[in-house]
Amino acid sequence: MAPLLAAFAAAGVSATIADWDDARVEWGSFDAALLRSAWDYTERLSEFLAWVERTAARTTLLHPPAVVRWNSDKHYLAQLAELGLPTVASRFCEPHQDPARVLEQFLAQQQEAEVVVKPAVGAGSRDTRRHPRAALPQILTHMRALLGARRSVLLQPYLPSVDRDGETALIYLDGLFSHAIRKGPLLPSGAPATAALFAAEEITPRAPGADERAVAERILAALPFGTLLYARIDLIRGAAGEPRLLELEITEPSLFLTYAPGSAERLAGATLQRLAPR
């Protein structure tokens, strides 16, 4: 937030931080509302989406409701996979389904030694855990706890490349590549599900490979939303070394502005350009 507020101030613009659920805020008094760290929305999704609709009717909300609705639930991974985009293999289990049957089918299609269980609507690594594939009672207990709370479950293989290479997060501002970071492994083997919003993160700048840039730009080009003000594409490498999408963050992602000089100014400038009279 600090570099972004400084960038707006340097551009002669008044910017303030406001909580999305603060009833005292008059959203119509702002020229725009830029979503940044509304990370409690995952536990209050319907309330948050209702706020998104109301706020977008009063001011320019960045991003708009259609983007937020689509991206707030990781079922979008299935849609992107259907388009032929390279995603990490993902299987969803819904509250009305038998988790044992879904897990059996998932494991029959995957050869990796470990499985990641996470909520389909979630932020950071909260309620996410890495399990040995043979630990069926443990996996099912985790799944049933989420399903019992009426939350859809996402199953993914834990790809060994994460321990070696980490994740590459590519940040695009106004459709153009800005910078990238490396995020180290977040899920220790055998550790309990993360209760905090985030596990401890190891972040360093990274120059992405040409293949990672190509995949990120294919994903952005496939979206039906036009040029996005900001996007973060989190990639990990598959068994053959190919980049695969782990998550696409276009609602309220950390953009790691402090790791790329000039990026806060680029985001502020792109935001103001969208508000300029046509």
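Tell me which residues, restricted to the range 244-259, are hydroxyl-bearing (Ser, Thr, Tyr) and open to solvent by less than 30 Å² (accessible area, probe 1.4 Å).
So in the range 244-259, the residues hydroxyl-bearing (Ser, Thr, Tyr) come out as 251, 254, 258-259.
Selection gives THR251 alone.
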## Note on the structure
Among GLY269, GLY241, GLY262, the single one that is open to solvent by less than 60 Å² (accessible area, probe 1.4 Å) and free of Cβ contacts under 8 Å to residues at least 40 places away in the same chain is GLY262
### Task
Go through the range 104-149 and give me each residue that's open to solvent by 20 Å² or more (accessible area, probe 1.4 Å), in contact with an Asp or Glu (Cβ under 7 Å, 6 or more places away or on another chain) and assigned to a loop (DSSP other than H, G, I, E, B).
VAL121, ARG133
### Query
Give me the pairs: first residue in the range 135-146 and within 14 Å of LEU107 (Cβ to Cβ), second residue surrounded by fewer than 15 Cβ atoms within 10 Å (Cβ to Cβ) and of a type in the set (D, E, K, R), beta-carbon distance under 8 Å, and six or more apart or on different chains, which are they?
none
#### Entry: Tally of residues being assigned to a loop (DSSP other than H, G, I, E, B) and among the aromatic types (Phe, Trp, Tyr) across the range 1-32
2
### Task
Considering each residue of the range 65-86, count those that are of a type outside the set (Lys, Arg), surrounded by 15 or more Cβ atoms within 10 Å (Cβ to Cβ) and within 21 Å of GLU252 (Cβ to Cβ), and give that number.
11
#### Entry: Of all residues in the range 3-14 being of a type outside the set (Phe, Trp, Tyr) and touching a residue at least 12 places away in the same chain (Cβ under 8 Å), the one that is most open to solvent (accessible area, probe 1.4 Å)
ALA10
### Message
For the range 129-148, check the following and say yes or no: at least one residue is under 18 Å from the mean Cα position of the chain (by Cα) and either at pLDDT 95 or above or over 29 Å from ARG213 (Cβ atoms) (or both).
### Response
yes
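The values are calculated or read from the model by the stated rules, or taken from the named source; none is laboratory data. These figures come from a predicted structure and were not determined experimentally. Glycine gets a Cβ as well: all are built from the backbone with ideal geometry, and neighbour counts include every protein chain shown. When the accessible area is computed, the model is the full protein with side chains, heavy atoms only, and any ligands, DNA or RNA have been set aside. Shrake-Rupley method; radii C 1.70, N 1.55, O 1.52, S 1.80 Å.
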